[in-house]
1. As an exercise: evaluate SER185 against (1) touching a Leu at 6+ places or on another chain (Cβ under 8 Å); (2) assigned to a strand (DSSP E or B); (3) not basic (Lys, Arg) and give the number of the one condition it does not meet.
2. Here is a check on your reading of the model: is LEU278 within 25 Å of ASN115 (Cβ to Cβ) and either under 19 Å from the mean Cα position of the chain (by Cα) or in a helix (DSSP H, G or I) (or both)?
3. Looking at the structure I just gave you, is ASP255 among the acidic types (Asp, Glu), surrounded by fewer than 23 Cβ atoms within 10 Å (Cβ to Cβ), over 25 Å from ILE144 (Cα atoms) and without any contact (Cβ under 8 Å) to a residue 40 or more places away in the chain?
4. Mind listing just one residue for me: the one in segment 208-246 that is of a type in the set (Ser, Thr, Tyr) and more than 21 Å from the chain's Cα centre (by Cα) and, of those, surrounded by the most Cβ atoms within 10 Å (Cβ to Cβ)?
5. Within segment 110-122, restricting attention to residues that are touching a Phe, Trp or Tyr at 6+ places or on another chain (Cβ under 8 Å) and buried (at least 24 other Cβ atoms within 10 Å of the Cβ), which residue is nearest to GLU305 (Cα to Cα)?
6. Give the residues of segment 146-175 that are farther than 30 Å from GLN262 by Cβ and either within 11 Å of the chain's Cα centre (by Cα) or surrounded by fewer than 20 Cβ atoms within 10 Å (Cβ to Cβ) (or both), sorted by residue number.
7. Exactly one condition in (1) part of a loop (DSSP other than H, G, I, E, B); (2) within 18 Å of VAL29 (Cα to Cα) is not met by PHE268; state its number.
8. Looking at (1) in contact with a Phe, Trp or Tyr (Cβ under 8 Å, 6 or more places away or on another chain); (2) more than 28 Å from ASP256 (Cβ to Cβ); (3) not basic (Lys, Arg), find the lone condition where GLN89 falls short.
Amino acid sequence: MTGFFYHPTYLLHDAGPGHPERPERLKAVSAQLEKSGLYNRVQMFEPGPAERETLALIHPHDYIENIAHASGNAGNGHTRLDADTSVCQDSFMAAQLAAGAAVEAVGKVLRGELNNAFCAVRPPGHHAEKAVAMGFCLFNNVAIAAEWLVRQKLAEKILIIDWDVHHGNGTQDIFYNRGDIFYLSLHQWPLYPGTGREDESGEGKGRGATRNVPLPPATSEQKYLDIFYKTAEEVCKNFQPDFLLLSAGFDAHRDDPLANLQLTETGFGQMTKFAAELAASFCHGRLVSLLEGGYNLTALASSVEHHVEMLITQT
């Protein structure tokens, strides 16, 4: 069974008028999955919030309190954290619930209660560094889930595949000196946030445990898929992970307004199928996917539909 993690509080996070990371993203996803009947084929979960101690697996306590304070002081408006990232009074709780979904999902998959899971969360997470909110992100959901697995001694080697069109600078930075958590990113280059060069491959114990695949604008779907299949399989064979996490952004879609790659919803489905097959071969099927970007509502909703459909059929 595939788990689907969602909480209505995600819709209350509001980054301000005209912001691309808006509540309508999840509204579009929900409408599409209901229309397609996929909601009847997954097990729905409404997660609880991650405790501050869970957030502190990755983020310093002072940083967590600063986010809580900024959110709490927003009143009926917004508190700007950087040029792209703002919070409202409900943002801290939404971010706690996003991290909570990630941790609950990996726990249920590890215990065999679910075959795999998709977390339809916001705010997204992969740009959030240990003590810096940026790129629409407050807490790094995928990093918190990975670190929780390691701390609980539930996994020893975790592979994070990030196919969001923007490089996940936060995830890379957090694990750059770690050898037990491998970070693989395919992303458009040049593009925000300006990190993710091929020569960024880790340091110290983490040397070789970061793999960046920067792709030029207008890269075709077939070329992208060929690179994805080859690189992901190679990483799995060499690293031998026992859990697979996906930072599943859908902004590499050809219709997305913030980038210029050429993927389609069908391509995202094919990537999901391949990722699930890798998880079956190397990780006993253990796979959890977390929503990151995707800003054309129609493209996002259709891509998530194909993504979830493929997770279901691979169980």
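1. (1) is the only condition that SER185 fails.
2. yes
3. Spelling it out, it is not the case that ASP255 is among the acidic types (Asp, Glu), surrounded by fewer than 23 Cβ atoms within 10 Å (Cβ to Cβ), over 25 Å from ILE144 (Cα atoms) and without any contact (Cβ under 8 Å) to a residue 40 or more places away in the chain.
4. Checking each candidate, the answer is THR219.
5. This residue is PHE118.
6. Once the filter is applied, which keeps residues that are farther than 30 Å from GLN262 by Cβ and either within 11 Å of the chain's Cα centre (by Cα) or surrounded by fewer than 20 Cβ atoms within 10 Å (Cβ to Cβ) (or both), segment 146-175 yields VAL150, ARG151, GLN152, LYS153, LEU154, GLU156, LYS157.
7. Every listed condition holds for PHE268 apart from (1).
8. (1)
Here, each number is a calculation from the coordinates, and none is a lab measurement. Not measured: the values here are computed from a predicted model. In this analysis, Cβ positions are derived from the backbone assuming ideal geometry, glycine residues included, and neighbour counts consider all displayed protein chains.
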